[in-house]
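Just so you know, all these numbers are worked out from the coordinates, no wet-lab data involved. Everything quoted here is computed from the prediction, not taken from an experiment. Quick reminder, even Gly has a Cβ in these numbers, built from the backbone with ideal geometry, and neighbours come from all protein chains shown.
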Amino acid sequence: MASAEPTARTGPRTTTRRAWIDLAKGVAIVMVVAYHAQLFLEAEGVAEPLGRARAALELYPMPAFFLLAGLLQRRLRTSPWALVWRRRVLPFLYLYVVWSLVRFAFFSALPGVRTDGPPDSGRDWTLLLLAPLVPTSVYWFLWATAVVTAVTWLFRRRPRAYLVGTGVVSGLVASGLVSTGAESIDRTLEYAFAFAVGVHAGPLVQRLVERATPRRAVAWAALAVVVMVALAALPLLRRVPGAVLAGQLVVVLAVLRLAAVVGPRPGTRWLAALGRQSLPLYLLHLYPVALLTIAVRQVDALRAVPPRGLPVVLLVAAAALAVALPVARVVPAGWRLFQPPLALVRTRAAVADPLAPDVAGPLPAAPAGSTPPDRLASPVVAATTVSAATAVPGTSDPPDASADPAPVAPPDAAGRVSTRPASGPLREMP
């Protein structure tokens, strides 16, 4: 979203919705990067294990990403499989394969660098070949999103049964009562319900968020703190079927309502900016974290930094974000690191895309004398909406690919409109 202020083109409804989504994603991506920094530093003896705090901190970021992904994909319920495959499933699989190869090349070239996932998994050819079936890297989220999207589409005509079924499965897996033995598959099953809620109960979630008042938001925040403390302090409570799943929903809704109430302010705009760039940050942050860990382990004094190495963890996470953010902005679109080739996902220009996200409200009015845009793009591949028209003059905020995809080139002299995007790659996680 370019600005939080209502404009003649966007109106207050669009800006409000996009503001809280951006903030929620910003909080989530910061927590993800900090969590991975903690894992790397813990392996080097710089940071101590999170212990029971891990159970509390895991209640928000990934459930939030899955719920918001579903919220932005509600129209897949009425879309044909061919379009779902090309615009929702295939792009995530493409990114997963590409970045699995990038990860393998990076860690193979630097044998002294600790890998994410199982020890040396980033250099193991066998695990690389098995990656399409069982992810072992931080990129499992891309694989999981593709899988839950496809499964949700398959059961699109049975929304209530699907919600109940995923609720039972996710509740059992989240409480540790059921396990497949593969962490990535377990996590996919654990967060499938959050995605299903976003798809099938999206309007209810939006109403709960957008009707939040400061008093209600604070009350929900207090409830979330109580839930986090209880689940962290009482291990037996986490074994109760559905307890962790309920805790995830409470914490996610609490943060979303706070984000809606707080809105874009001078102190939160940086979080919203990170939320708009969440996908590149997610894809890139692993490498600066790994390299910074090497630098940190050379300084013995940092091993004794209290409390539990937390300042070092936050410093490494902040540095990783500071490195990843400018890199994401300068990577040439032609490298196709953040979006698949257009030929993989292109559809006929004459057909409106029913998968266009419907959270951000109506499309902005086209400028006088211009051709109205067609919604042909998905949030996975930037394509053909006039997101440039939503920008507020005098700001440098990037277009919001999740709400309004990138601008299409203007018509030529004969009135033909190209379907090739006029700007770069996706900048948000779904």
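Neighbouring Cβ atoms within 10 Å as the yardstick, rank VAL313, VAL250 fewest first.
Least to most surrounded, the residues fall as VAL250, VAL313.
Can you find, among GLY263, LEU231, ALA246, the residue sitting farthest towards the positive end of the charge dipole of segment 203-271, where Lys and Arg contribute +1 and Asp and Glu -1 at Cβ?
GLY263
At a Förster distance of 25 Å, what's the computed FRET efficiency of TRP270 paired with ARG336, Cβ-Cβ distance as r, to 0.05?
On the way: r = 28 Å, r/R0 = 1.13.
Here the calculated transfer efficiency is 0.30.
To make sure I understand, if each residue's beta carbon is the centre and we count other beta carbons within 10 Å, what order do SER79, SER108 fall in, fewest to most?
Details: SER79 18, SER108 14.
With the sparsest Cβ surroundings first, the list reads SER108, SER79.
Indicate the gyration tensor shape class of segment 241-347 (rounded, prolate or oblate), computed on the Cα atoms with a ≥ b ≥ c the square roots of the eigenvalues: a/c under 1.5 is rounded; otherwise a/b larger than b/c is prolate and the rest oblate.
Cα axes put segment 241-347 in the oblate bin.
Could you compute the FRET efficiency for ALA318 and ILE294, with r as their C-beta to C-beta distance and R0 at 25 Å, rounded to 0.05?
Values: r = 17 Å, r/R0 = 0.69.
So the FRET efficiency works out to roughly 0.90.
If the chain between ARG157 and ARG216 were fully stretched, how many nm would it gain, using 0.36 nm times the residue separation less the Cα-Cα distance?
17.8 nm
Starting at the first residue of segment 315-323, write each ³J(HN,Hα) from the Karplus equation 6.51 cos²θ - 1.76 cosθ + 1.60 with θ = phi - 60°, in whole Hz, x for Gly and Pro.
5, 5, 4, 5, 5, 4, 5, 5, 7
Would you mind computing the Rg to Rh ratio of segment 11-335 from its alpha-carbon coordinates, Kirkwood style for Rh?
Ratio of gyration radius to Kirkwood radius: 0.95.
Expressed in nm to one decimal, what extension gain is obtained for the pair ALA105 and THR78 from 0.36 nm per residue of sequence separation less their Cα-Cα distance?
Taking 0.36 nm per residue and subtracting the Cα distance, the gain is 5.7 nm.
To the nearest 20 debye, what charge dipole does segment 11-335 have about its Cα centre, counting +1 at the Cβ of each Lys and Arg and -1 at the Cβ of each Asp and Glu?
Roughly 1640 debye for segment 11-335.
Taking the Cβ of each residue in TRP20, TRP81, TRP140 as the centre, tally the other Cβ atoms inside 10 Å and list the residues starting with the fewest. Display every interim value, and only then the final one.
Numbers: TRP20 27, TRP81 12, TRP140 21.
Lowest count first: TRP81, TRP140, TRP20.
State the Cα centre-to-centre distance between segment 42-82 and segment 268-290 in whole Å.
Here the two parts' Cα centres lie 14 Å apart.
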